[in-house]
Structures are given as structure tokens and as C-alpha cells.
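Notes follow once the structure below has been shown.
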Amino acid sequence: MPNTSSRAFLMSASAALALTAGAVSADTLRIGLASEPTSVDPHYHNLGPNNALARHIFTPLIEQDAQQLLNPGLATEWEAVDDTTWRLTLREGVTFSNGAPFTARDVIYTICRIPLVPDAPSPFTLYTRAIAGLEAEDDHTLIVTTDGPAPLLPNQLATFGIISASVSGAEDEVSFDTDGCTGIGDAPASAEFNDPAFAIGTGPYTLDAYIRGEELRLTRNDNYYGDAPAWEQIVMRPLTNAGARVAALLAGDVQMIENPPTQDIARIEGDGFVISSGLSNRVIYIALDQGDAPTPGIAGDTNPLQDARVREALALAIDREAIQQRLMLGLSEPAGELLPAPMFGTNPDRPAIPYDAERARELLADAGYPDGFQIVLGTPNDRYINDGAISQAVAQMWTQVGVQTEVDAKTFSAFIADRNGFNFSAFLAGWGAGTGEMSSPLGALVATRDPDRSLGGTNFARHSNPDIDDRLVEALQTVDDAERERLLREASAIAMDTFAIVPIHYELTTWALAPGLEYEARADQYTLGFAVTQAD
Amino acid sequence: MSDISITPPVEKAPQKKAISPLRAAMLDFASSPLAMIGLVVMVVMVLAAIFAPWITPQNPYDLSQLSIMDNNLPPGSESFGGQTYWLGTDPQGRDMLSAIIYGLRMSLIVAVTATLCALAIGMAMGITAAYFGGRIDTLIMRVVDLQLSFPAILVALILLAILGKGVDKVIIALVIVQWAYYARTVRGSALVERQRDYIAAARGLGLGHARVMFRHLLPNTLPPLIVVATVQIAQAIALEATLSFLGVGVPVTEPSLGLLIANGYSYLLSGAYWISVYPGVALLVAIVAINLVGDQLRDVLNPRLRR
Amino acid sequence: MVAYLLRRLGQSLLAVIAMAVLVFLGVYAIGNPVDILINPEATERQRLEIMERMGLDRPLWEQFWVYFGNLLQGDFGRSFVYGESAMSVILQRLPATMELALFALVLAIVLGVPLGVIAGLKPDTVGGRSIMAGSILGFSLPNFWQGLMMILIFAVFLGWLPAGGRGQTTEFLGMRVSFLNLDGLKHMILPAINLALFKMALVIRLARAGTREVMMQDYIKFARAKGLSHRRVVLVHVLKNIMIPVVTILGLELGSMIAFAVVTETVFAWPGMGKLLIDSINRLDRPVIVAYLMLIVFLFVLINFLVDLLYSVLDPRVRLAQRGTQ
């Protein structure tokens, strides 16, 4: 219930801001970014802002649409010849922004270069490690062999852009080998891509200038094979302070901003600006340590969280709608799984976990904790939308069913160190499914920890259930889409029925735009300037 | 370096008055109405901080008393339970008035503890330097000079980047930042006192170093120290608030005034000004009150400044 | 004299080395940057590979030797976040901070000196007293708080100025600067005033004290007796006499201005070195933290050394005192 007088105050303030706005050039789009890309190199850091920027300059073989469904990119067709062989048909007549033709050699070079990026803090090898062989049948046909069935190969090929082999200093013959490619010359350092002369791709834009901390300028690429985007120029400015970002939008300094703070959205809309929001692939969840007894955040020798009834009680005690209404102001979707329907592998008929404090108390009593217990809930407070506030709200709700909860809120860097050291009995975190399908959250958060199979890497709750593992492993080897989806659905249903993990909500990703602009909200949370259009 | 720490010997006119020196100082102090207002405000704030659990409408950190259904209410709103939130609520539905009083408590605990520790260390170092002189003096004062040549905020920031968050760590950082001021002040006045006859007499009686230093030298260096300490408490509150604002201070679960301001910062532009502004006002009042008291104390305790 | 300076130089070097060791041990003992930087979907094996490549798997003392050896060659390592030389990442942000600090310095003098002179000429008027009260507030209130209030008043309520960010920049002498265009200036006003307030309080006090002192001098009385106008006395004689200490002290304060910019840059989202430091602390970008601190420590040691040098050249008493002790 906002105070009306302060509201009127703010309205007039923003009206004044709007008046001072400079004339907006019709063919330049200015964007206020919430976080700055750390490099123009598309293979340096597998991180949202970097990947979104890379999409402007470099095109991947396969594109993902706003719902992360696959679309042709530099490859027009891809088919599984058998369980371990894929045939990719590359688009003909594509040229790089410097006019050189695009061929299979550039693809082979790109995949060869990915493991060689110096000092990459989060390399894309994650998505290329399945590849065992690459053979160019001709300039526009590529045969990919994998070291086992790799049904996710198309999703993985959609994650990185293709760079020019010639510009990067490759020889005329580039050949792939898992032990080291030949003919690739010296792999360029990431910093070189910050130079417009080096950042050569096949994307809709070319790099004009990259002034760290201040501005990133892109110019339309006239050699782009697809539809020409509406904007002659795109200027991205990092405005990491949310308040400053909103002010810049209202003042007309930028025409689009990422992540306007939830509490500002009503005001932004009230001023005639456009809000675009849509479900993201990110779930906010609470993990409950089921590994050891005793567990660090709970007094006593036992670990009540090993009892599924206790986990169910904690799940039911959370009033997801109150969080959605009061904290997220509608910008979240209460969750019943780890990925929102209708994404691949979800059970569309599963509702969000209901709120039932009465039942929660009963379950706690059944499990032998009629008076509850004490627990510490770890949480970052600068990573996800309103993360600290959500944890405090969850703590309130748990306390009210008898589980005395203390919140341990930290900056993400400190939180991560504690979480990875198994110092939390319960923690709140988020997971964005990069591939946009269910094997991503299940494999990372719920599958038994097993570095050899690359499973359970983020399963710091140490949940372990062979019923889930078996289905998941089988799904990861199944190239047939329908069968794979069935297996993933089953695995997800088991995980949810046993409260292996407690989902809270899916984040809605939000953009705010100047009046008259449109942007389709993307599940991968990328801000793509070329997809912004002028409404008729 | 730019400060000249050696004060010339003070000519103390023989005072033959009926009232005790303490009483005279108190009367002197009371002569400034502004300082008296500062003193009253200061006392009220200290009492509020000490008795916070009994006087606040709500324990802001007892989660069973909070409801997010009451969050972000503007000042003067009523909750579903009929309670009035005179200063509004924060995003957790916490009563801001209670949060501010608890925040003040945290700010004062940190500042006072840090000041007392720094005072003790600085005093010991300063007296030692002045009493022994020579190499010990040079060594101690070299460290003091070195440290005072860096801005306090920077030293504290480095320390906390290394130590991490936490009430204890903030206190450590503040102590390290502050002890040098006391050391320099004590040394200055102790150097003057050391020349006096009574010290020579005490030494002549064969009293030990420690006894002379702490029983005879120290009490006579106290007045300037009290003045410095008062001002430094205000500085410590301000510095702690700044560090917490930058996110390297106290943890979010035990917010001080600075952290409350930081937490409300993102709501400032959205119109929910009360989350940030009221703790800010509390901080302002606390610092100004302490400074008013400190200024008057300096005038009272330092006869040279009397005009 | 030379021996004295050499000794001071030696002490300064020692201070730099001591800081390097402390900073290294502190910064390298906290957290694991890979956990923050890596994509959460990465596998455990990949995580270990990255740690190995960054040298984070080695024992601390070994990391220290590598770091220290590189440091001696002027190499501060590569930023974990940007993959570029840490020092060059910092130097990219240097112009923004320097511009802000210099602009604030100018503001502090341009606004502080007249206010201080007024307070000095009319110490017992309402105006003079309010100026002094204002300067006490400028000294005692935390910088960030002043900044927030400025944002609240000038950006939120009045809507006159932007709340943060750097705005448009123009290329000038190979650097990007804000002061050459209106948008950039508008963005710079609030942060510059914020950064200037503390120093302005200092300037007011210096100017006030200087004015009062000068006004009591015989030559001022003489000048007045000669029939010079009040205006001329103030402008020529007073200003001339107080400008020297003000400018000297402020020059020395430039270093602390850069340090204080950490707070101002955070409040106003100004993309300078200070904000980079806070961001780097949050992202555990150790090479950048260390390089920033080394740069600042070096700067301060240099300034202090220059102060000593200047004093001993300018002030015969210091010189004599040095002789006396040797």
C-alpha cells in the first residue's frame, strides 16, 4: 500500500526526468545492462552476459528461440545417423563480416580452439567434450562422431558461436583430433577479441568499440545472412546499480534495461513504459542436507532431514503465493518441479507444491519432531532476485510451523565457499538449465554425486536415489526424443514425490523498454538487441 | 606528520576556588545549551540501545513475530494485527522503529568496544613511547606515522577484505585503524608530564617503571584522551556504517545502522524511502550528538582553548 | 640530508614490501575464485583443470613465490574475471577515477575558499556560524550517507540530476572524459560534490584560519590605512596568503581522495578503480585486488616521501633538526 503522497511525488519526479530526455535517434538502440560482459571472446566465459553479447557478433550452428527450442543457425539441418554419429548440413552462401566465406573449416577450428582458450574461468569444453571426431565431407557437410550416445549434442552445439579460422591465424587445412588438432596455429588470447578488427563473426552485428565499464557499441553487419535487424547501432552500457538503471530508462538515456527491480515495475509501467517478462529456465530451490548425521546447521546427533516426512513438512510450510505476491510482486511462478512446463522433460500436470501449515505440523509430529527443531538456512544475498528476502520469508514460515530457523546470509562468493564445504544443512540457491531440458537440473542437483559420470556436481544436499539415477543415465543415452522425455518425466516425478529437493519458484525474467518497443522475454535470460522491434 | 603533537607546557594558574575541579568542569560543560542537548540525546540513545529488548514494540529478529504480509508498509500503517508501524516496515515486514533501535545497539556495541580496545592499546603504546624515549619511541612512532599516513577507510577495507565479514572482525579492523590516534595523543601529553617534578620524585622514590607510568603518568594524560575518544567513537560509528554499507562490515543477520541504510538503498529510488532514510536520520543524530558533546568537552578540559 | 632521504626511501620500500606480503597472504587465503567464476553446469574434473591452470592447486607458499617473482618484474598477474593483465584492467579505470577526483578537488577549492574567507571575515555572524556548522557536518557524517541524501534530493525528489553511472564520454588526449559534454557533466556533478564535501570542510577550516590570521597582520592594517578598498584587500592580500597552504595540502590529499572514491563510486555506480575494487572483492578476483592495493600503497608511500622531501627542502627547521640528531 504505497503512500499516495510520496507516489505523486515520484510520478512528478519521473515526469521531470522524462522531459530532460535527449532526442532519441530512431536507428540506435541503447541498452542498460545489469552486468557487464567480461570479454568479447565468445569462448572465454560461459556466463549469461558474455553469451548474450556473443550472439550479436557470432552465430552458433544451432540457434535457440525464446523458449530455448532449437532452430537452424549456421547449420540448416542436423540428424542422428546412428547413436554416435551426426550429420550437419551447413548453411551455404554465408560470409563473415569481413567478407570471407563460412565453411566447415571454421566449425572445426572453433571446436579445436575452445579447449585452448587461455585462463578461461569457465570454458565451453563442457559442451564439446562428447565430440570424438569431426570430419568435413565437403565445405558444407560435417560428420560429428561422439564417444557414446549424445542426444544433447544439438543443444550443446547451440551454446557457442563460430569464429573465423583465417582471422584467428589457422592454416588452410584444419583437422580435428581429441589429443590436439593440427593446422590451427597459435590460438588467440581472449583479449584480442576486444579489438573490432579481430572480433569477426557471422552474426547480425559487428563490434564497434568495447570500452570496459562504460560502453559497448555494435554496428549492423550488412553481410548477415538473416533478416536485417531494425537498429543501425546498438549501444550497451553497464548500469549495475538497479536504481541508476531505472533512472536512466525513465530519463530516456537508454531505451531498454535488464532486470528492473521488482518494486519499481509498477511505477515504470505507470509511466507508459513497456514491461516484458517471461518464465526463465531458472528455479529457486532449497536443498536439504541428507548426507550425514549429525549435520552442521542442526543441533543434536540426528539429521531429521533424512526423513522424507520432514522434508515434505518443510516444503509444505512454505507459502509460495505469499512470496510471489509480497516479495516478487508477481514476478515469479510457484514451482512444483525444477523446470517450468512446457520445457522438455517436465510433467505439465504437476501443480506447484501447495501451502499447508497444518499438514506440515502433523508430518513433523509423525516424524518424531512435535516441537520441531532448530536449523540454519544458508543463502546468498546478492545473486538471485530478492534471494536474501526470500530466505528470510522461508525462515519466518518454517519458524511458524515450529522449526526454529536462523538465516545465514552472505555475499555469493562467501556463500559458495561454505556451500561447497558442506557447511549448510539447508541452503537456498538457483539453477538455470542451460540446455533448457530436465536432464540439466536433475543431473546436477538430484543425481547421486559421481564425478566419473559427471553427475551430481551441485548435489550438495547429497541426496541419492538409484531410481532417479538409473532413469537419468538411461535418458542421457537415449537419442529418441519421445523415449528420453518419458524417462526424464519419470525421474523428475520421483524426485518431487520424495522431496529430494524443495523447489520454491521459477524466476520471471523482466525487461523494461521505452514506449513503442517490443521484446519477447527469453527463458535463457539473454538480452538480444537485434530481437527488439518497434511496435506498429 | 603535519600535526605537531608536542604541546608546550601549560601554565596552570593556581586555582583557589571553593568548588571542586570536577564540579567546575561540569558547570563549564553545562554552560553550552547545544552541548547539553547533545548530551541528553546521547544518553537517551545509549539507554535505548541498552534496553532495546524491553522498549521496542517487536523483536525484529524473532522470526515468529514477523509476517511478510506486512512488508514495505509506509510509516504510520497498521498491521493486520492492529499494531501501528510508526516508521513503516522493511521488505521482511519488520518494524523499522524496532530495527533502528536494534541497529543503533549494534552500531554502539561495535564502536564502543572498538574504541575501548583501541584506547587501551594506544594508551599503553603512547605511554611506553614517551616514558622510555629513544629507540622504542622511534619505533612506535614510526609505525604510528606510517599508519596515519593511510586513510582509515582504506586500511579498514583491506583488513576486512582479508578477514571477511563479522562483528568481531569489524571491531578488530576499527581497533587497528584507531589505536594510532590514541598513541600519538597520549605520547604528546605524556612527554610534557614526564618533565614535571612529581614524576622525577616518584622515580626518585624507587618506584617501578610500570607503577610510575600507569599510576602517575597516565592519569594526567587522561583529559585530552577523553576528548579524542569521544570524537573517535563518532568516527568509529561512521566508519563502521561505511564498511557495512560497502558490504564488508557486519553480517546481514545483525544489522547496524549502516547496514540498514544499505539494505534500504535499493528501495530509495522506488519511493520506499523510509527503509533507508530513518536509519540514516538515527545515524546523523547519533554522530552529531556525540560531536557536540566532544566539542564542549574539549573546550572544558583544555584551558588553553578557553576564550 | 642525502643520508636522511635515502633512509626514508629505504623505509618506504620496506613498507611497500611488507604490504605486498600481507595483502598477498590475506587475499590468497580466502575462498576459491573458480567456484564463483565457473559455470555451475561444469563437471568436477573441469573445475580441477581450471584450478590447475590458474595455479590455485599449489600450496600457498609456492603461489606466493610465483606471485612475488612476477611482481618484481612488474607483472601483477592476470585478472581471473577479464583474462587480461590485472594492472591494465585497473589502468583502464584510472581515468574515470582521476577525472572525478580532480573535478572534486577543483570544486573543494572553488567552493571552499570563498566560504572559508567569509567565515573568517565574519566569524560571529549567522552566515559565518552556519558555514562552520556545515563544515563540522561535512567532517563527521559518513560520506556514503551524504551521497544517499544527495541522490534522494536531487535525483529522486527534484529529478534534476541522474542518480548514477557515468553518462556520455568524449575522447580527449587519448582518454575518455566526461567534462566535455553536458550529459557527462550532469552525471559527474553529484559524485564530485559528494567526494569534495569532506575536503571542502577541510578547505573551509584552513581558509578561515588563514583569513583570521592574515587580517590581524600589520600589513593588512597598513593596506587599509592606505585607503585600499575592503574588496581589494580581501581579493589580493588575503587570497594570496591563504592559497599556498590550501593548494599544498589539497595536493597532498589527492591520494586520500582516490581512496575515498571507493565509497563515492559505489554509491553512484561510477565506473572507476574504486568500484572495480569492490566488484573484485565480491568476485574474488585476487590479482586485481592485489594490484589495486599495491598501486595505492605505492602512491601513498610516494606522496609521503615527496612530502618529507618538500618539507626538508622548504623548511630549514627540519633540515637543522636532522643535522642536530646526526
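Please go through segment B:243-291 and give me each residue that is within 30 Å of B:S32 (Cβ to Cβ), touching a residue at least 24 places away in the same chain (Cβ under 8 Å), more than 9 Å from every other protein chain (Cβ to nearest Cβ) and in a helix (DSSP H, G or I), ordered by number.
Once the filter is applied, which keeps residues that are within 30 Å of B:S32 (Cβ to Cβ), touching a residue at least 24 places away in the same chain (Cβ under 8 Å), more than 9 Å from every other protein chain (Cβ to nearest Cβ) and in a helix (DSSP H, G or I), segment B:243-291 yields B:L257, B:Y278, B:P279, B:A282, B:V285, B:A286, B:A289.
Can you report the number of residues in segment C:268-283 which are in a helix (DSSP H, G or I) and at the interface with chain A (Cβ under 9 Å from one of its Cβ atoms)? Before the answer, list the steps.
Kept after step one, since they are in a helix (DSSP H, G or I), are these residues of segment C:268-283: C:268, C:273-283.
So of that shortlist, the ones also at the interface with chain A (Cβ under 9 Å from one of its Cβ atoms) come out as C:268, C:275-276, C:279, C:281-283.
The qualifying residues number 7.
Quick check, is B:I153 more than 24 Å from B:F245 (Cα to Cα) and either among the β-branched types (V, I, T) or buried (at least 19 other Cβ atoms within 10 Å of the Cβ) (or both)?
Working: more than 24 Å from B:F245 (Cα to Cα): no; either among the β-branched types (V, I, T) or buried (at least 19 other Cβ atoms within 10 Å of the Cβ) (or both): yes.
So B:I153 fails the test.
So which strands (runs of 3 or more DSSP E) stay within segment A:105-214 end to end and still have 2 or more residues that are open to solvent by 10 Å² or more (accessible area, probe 1.4 Å) and within 30 Å of C:D35 (Cα to Cα)?
On the way: elements: A:131-138, A:141-146, A:205-211.
Because the criterion is at least 2 residues that are open to solvent by 10 Å² or more (accessible area, probe 1.4 Å) and within 30 Å of C:D35 (Cα to Cα), the strands (runs of 3 or more DSSP E) in segment A:105-214 that meet it are A:205-211.
Do we have C:L299 as buried (at least 17 other Cβ atoms within 10 Å of the Cβ) and not polar (S, T, N, Q) here?
Working: buried (at least 17 other Cβ atoms within 10 Å of the Cβ): no; not polar (S, T, N, Q): yes.
No: the conditions fail for C:L299.
What tally of residues in segment A:470-487 results from selecting those that are touching a strand residue (DSSP E or B) at 6+ places or on another chain (Cβ under 7 Å) and assigned to a helix (DSSP H, G or I)? Don't jump to the end; show me each part of the working.
Step one: of segment A:470-487, the residues touching a strand residue (DSSP E or B) at 6+ places or on another chain (Cβ under 7 Å) are A:479, A:485.
Pick out the ones that are also assigned to a helix (DSSP H, G or I) and you get A:485.
Residues flagged as touching a strand residue (DSSP E or B) at 6+ places or on another chain (Cβ under 7 Å) and assigned to a helix (DSSP H, G or I) within segment A:470-487 amount to 1.
Kindly establish whether A:R212 is within 14 Å of chain C (Cβ to nearest Cβ) and either farther than 20 Å from C:R176 by Cα or in contact with a Leu (Cβ under 8 Å, 6 or more places away or on another chain) (or both).
On the way: within 14 Å of chain C (Cβ to nearest Cβ): yes; either farther than 20 Å from C:R176 by Cα or in contact with a Leu (Cβ under 8 Å, 6 or more places away or on another chain) (or both): no.
No, not satisfied.
Which one of the conditions (1) in contact with an Asp or Glu (Cβ under 8 Å, 6 or more places away or on another chain); (2) open to solvent by 20 Å² or more (accessible area, probe 1.4 Å); (3) of a type in the set (G, A, S) does A:G291 fail to meet, given that it meets all the rest?
(1)
Please specify each residue of segment A:377-431 satisfying the condition of being open to solvent by less than 40 Å² (accessible area, probe 1.4 Å), more than 22 Å from A:P304 (Cβ to Cβ) and β-branched (V, I, T).
Those that are open to solvent by less than 40 Å² (accessible area, probe 1.4 Å), more than 22 Å from A:P304 (Cβ to Cβ) and β-branched (V, I, T): A:I390, A:T411, A:I416.
Could you pull out the residue among A:A341, A:A395, A:A352, A:A360 that is in contact with a helix residue (DSSP H, G or I) (Cβ under 7 Å, 6 or more places away or on another chain) and either closer than 29 Å to C:R47 by Cα or in a loop (DSSP other than H, G, I, E, B) (or both)? Step through it out loud before you land on a result.
Working: A:A341 fails: in contact with a helix residue (DSSP H, G or I) (Cβ under 7 Å, 6 or more places away or on another chain); A:A395 fails: either closer than 29 Å to C:R47 by Cα or in a loop (DSSP other than H, G, I, E, B) (or both); A:A360 fails: either closer than 29 Å to C:R47 by Cα or in a loop (DSSP other than H, G, I, E, B) (or both).
Only one candidate passes the filter, namely A:A352.
I'm trying to understand the selection: among the residues of segment A:294-329, which are open to solvent by 60 Å² or more (accessible area, probe 1.4 Å), in contact with a strand residue (DSSP E or B) (Cβ under 8 Å, 6 or more places away or on another chain) and within 28 Å of A:A433 (Cβ to Cβ)?
A:E321
Just to verify a result, which residue in segment A:252-262, among those that are over 23 Å from the mean Cα position of the chain (by Cα) and open to solvent by 10 Å² or more (accessible area, probe 1.4 Å), is modelled with the highest pLDDT? Lay out the reasoning, then the answer.
Quick first cut of segment A:252-262, residues over 23 Å from the mean Cα position of the chain (by Cα) only: A:252-255.
Add one more test, that the residue is open to solvent by 10 Å² or more (accessible area, probe 1.4 Å), and what stays is A:252-253, A:255.
Working: A:G252: 83, A:D253: 82, A:Q255: 94.
Ranking the qualifying residues of segment A:252-262, first place goes to A:Q255.
Which one is modelled with the highest pLDDT, of the residues in segment B:93-143 that are closer than 30 Å to B:D70 by Cβ and of a type in the set (K, R)?
Let us first name the residues in segment B:93-143 that are closer than 30 Å to B:D70 by Cβ, namely B:93-110.
Now narrow it down to the ones that are of a type in the set (K, R): B:94, B:105.
Working: B:R94: 82, B:R105: 91.
Residue satisfying both the conditions and the ranking: B:R105.
Is one or more of the residues making up segment A:493-514 assigned to a loop (DSSP other than H, G, I, E, B), small (G, A, S) and farther than 30 Å from C:V34 by Cβ? Break it down stepwise before answering.
First pass over segment A:493-514, keeping only residues assigned to a loop (DSSP other than H, G, I, E, B): A:498-501, A:514.
Next, only the ones that are small (G, A, S) stay: A:500, A:514.
Okay, now just the ones that are also farther than 30 Å from C:V34 by Cβ, so A:514.
The answer is yes, given that some residue of segment A:493-514 is assigned to a loop (DSSP other than H, G, I, E, B), small (G, A, S) and farther than 30 Å from C:V34 by Cβ.
Residue by residue, here is whether (1) within 12 Å of chain C (Cβ to nearest Cβ); (2) of a type outside the set (F, W, Y); (3) without any contact (Cβ under 8 Å) to a residue 40 or more places away in the chain holds:
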{"residue": "A:D418", "(1), (2), (3)": "yes, yes, no"}
{"residue": "A:W431", "(1), (2), (3)": "yes, no, no"}
{"residue": "A:L445", "(1), (2), (3)": "yes, yes, no"}
{"residue": "A:P451", "(1), (2), (3)": "yes, yes, yes"}
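Let me spell it out: the conditions are (1) within 29 Å of B:Y265 (Cβ to Cβ); (2) within 14 Å of chain A (Cβ to nearest Cβ); (3) open to solvent by 60 Å² or more (accessible area, probe 1.4 Å), and C:F179 meets all of them except one. Which number is the exception?
(2)
Can you confirm whether A:A228 is surrounded by fewer than 23 Cβ atoms within 10 Å (Cβ to Cβ) and more than 14 Å from every other protein chain (Cβ to nearest Cβ)?
Answer is yes for this residue.
Can you list the helices (runs of 4 or more DSSP H) lying wholly within segment C:1-81 that have 3 or more residues being more than 11 Å from every other protein chain (Cβ to nearest Cβ) and modelled with pLDDT of 75 or more?
Working: elements: C:2-28, C:33-37, C:44-53, C:60-72.
Passing ranges, in order: C:2-28, C:60-72.
Can you say whether C:R286 is modelled with pLDDT under 85, surrounded by fewer than 17 Cβ atoms within 10 Å (Cβ to Cβ) and more than 8 Å from every other protein chain (Cβ to nearest Cβ), as far as the supplied structure shows?
Details: modelled with pLDDT under 85: yes; surrounded by fewer than 17 Cβ atoms within 10 Å (Cβ to Cβ): no; more than 8 Å from every other protein chain (Cβ to nearest Cβ): yes.
No: the conditions fail for C:R286.
Please go through segment B:160-176 and pick out each residue that is over 18 Å from the mean Cα position of the chain (by Cα) and in a helix (DSSP H, G or I). Full working, then the answer.
Keep residues of segment B:160-176 that are over 18 Å from the mean Cα position of the chain (by Cα), which gives B:160-166.
Those that are over 18 Å from the mean Cα position of the chain (by Cα) and in a helix (DSSP H, G or I): B:L160, B:A161, B:I162, B:L163.
With assigned to a strand (DSSP E or B) and either touching a residue at least 60 places away in the same chain (Cβ under 8 Å) or out of contact with any Phe, Trp or Tyr (no Cβ under 8 Å at 6 or more places or on another chain) (or both) as the only criterion, which of A:R282, A:R311, A:R267 stands out? Don't jump to the end; show me each part of the working.
On the way: A:R311 fails: assigned to a strand (DSSP E or B); A:R267 fails: assigned to a strand (DSSP E or B).
None of the other options fit; the residue is A:R282.
Checking the structure you have, find out if any residue of segment B:189-209 is under 28 Å from B:P251 (Cβ atoms), β-branched (V, I, T) and more than 14 Å from chain C (Cβ to nearest Cβ). Full working, then the answer.
First, pick out the residues of segment B:189-209 that are under 28 Å from B:P251 (Cβ atoms): none.
Among the residues of segment B:189-209, not one is under 28 Å from B:P251 (Cβ atoms), β-branched (V, I, T) and more than 14 Å from chain C (Cβ to nearest Cβ), which makes the answer no.
Being more than 30 Å from B:E193 (Cβ to Cβ), within 14 Å of another protein chain (Cβ to nearest Cβ) and within 17 Å of the chain's Cα centre (by Cα) is true for just one of B:G93, B:G103, B:G88, B:G76. Which residue is that? Please lay out each step first, then the result.
Working: B:G93 fails: within 17 Å of the chain's Cα centre (by Cα); B:G88 fails: within 17 Å of the chain's Cα centre (by Cα); B:G76 fails: within 17 Å of the chain's Cα centre (by Cα).
Unique residue meeting the criteria: B:G103.
Residue by residue through segment C:126-148, note down the ones that are among the aliphatic types (A, V, I, L, M) and more than 7 Å from every other protein chain (Cβ to nearest Cβ).
Pass one, segment C:126-148, residues among the aliphatic types (A, V, I, L, M): C:126, C:131-133, C:136-137, C:141, C:148.
Within segment C:126-148, C:V126, C:I131, C:M132, C:A133, C:L137 qualify.
Determine, yes or no, whether C:A225 is over 28 Å from C:L137 (Cα atoms), in the same structural domain as C:I136 (by TED's automatic domain parsing) and either among the small types (G, A, S) or without any contact (Cβ under 8 Å) to a residue 40 or more places away in the chain (or both). Walk me through it before giving the result.
Working: over 28 Å from C:L137 (Cα atoms): yes; in the same structural domain as C:I136 (by TED's automatic domain parsing): yes; either among the small types (G, A, S) or without any contact (Cβ under 8 Å) to a residue 40 or more places away in the chain (or both): yes.
For C:A225, the condition - over 28 Å from C:L137 (Cα atoms), in the same structural domain as C:I136 (by TED's automatic domain parsing) and either among the small types (G, A, S) or without any contact (Cβ under 8 Å) to a residue 40 or more places away in the chain (or both) - is met.
Given the condition under 28 Å from A:L279 (Cβ atoms), at pLDDT 90 or above, among the hydrophobic types (A, V, I, L, M, F, W, C) and not assigned by TED's automatic domain parsing to the domain that holds A:R113, answer yes or no: does some residue in segment A:13-32 qualify? Before the answer, list the steps.
First pass over segment A:13-32, keeping only residues under 28 Å from A:L279 (Cβ atoms): A:29-32.
Checking which are at pLDDT 90 or above leaves us with A:29-32.
Checking which are among the hydrophobic types (A, V, I, L, M, F, W, C) leaves us with A:29, A:31.
Okay, now just the ones that are also not assigned by TED's automatic domain parsing to the domain that holds A:R113, so A:29, A:31.
Checked segment A:13-32: at least one residue is under 28 Å from A:L279 (Cβ atoms), at pLDDT 90 or above, among the hydrophobic types (A, V, I, L, M, F, W, C) and not assigned by TED's automatic domain parsing to the domain that holds A:R113.
Condition check ((1) touching a residue at least 12 places away in the same chain (Cβ under 8 Å); (2) among the basic types (K, R); (3) within 19 Å of B:V144 (Cβ to Cβ)) across all residues:
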site: B:S189; (1), (2), (3): yes, no, yes
site: B:Q195; (1), (2), (3): yes, no, no
site: B:A202; (1), (2), (3): yes, no, no
site: B:R211; (1), (2), (3): no, yes, no
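The values are calculated or read from the model by the stated rules, or taken from the named source; none is laboratory data. Remember, it's a predicted structure, so these values are computed and weren't measured experimentally. When we count neighbours, we look across all protein chains shown, and the Cβ atoms used for this are built from the backbone with ideal geometry, even at glycine. SASA here: full protein model, heavy atoms, side chains in, ligands and nucleic acids out. Shrake-Rupley method; radii C 1.70, N 1.55, O 1.52, S 1.80 Å.
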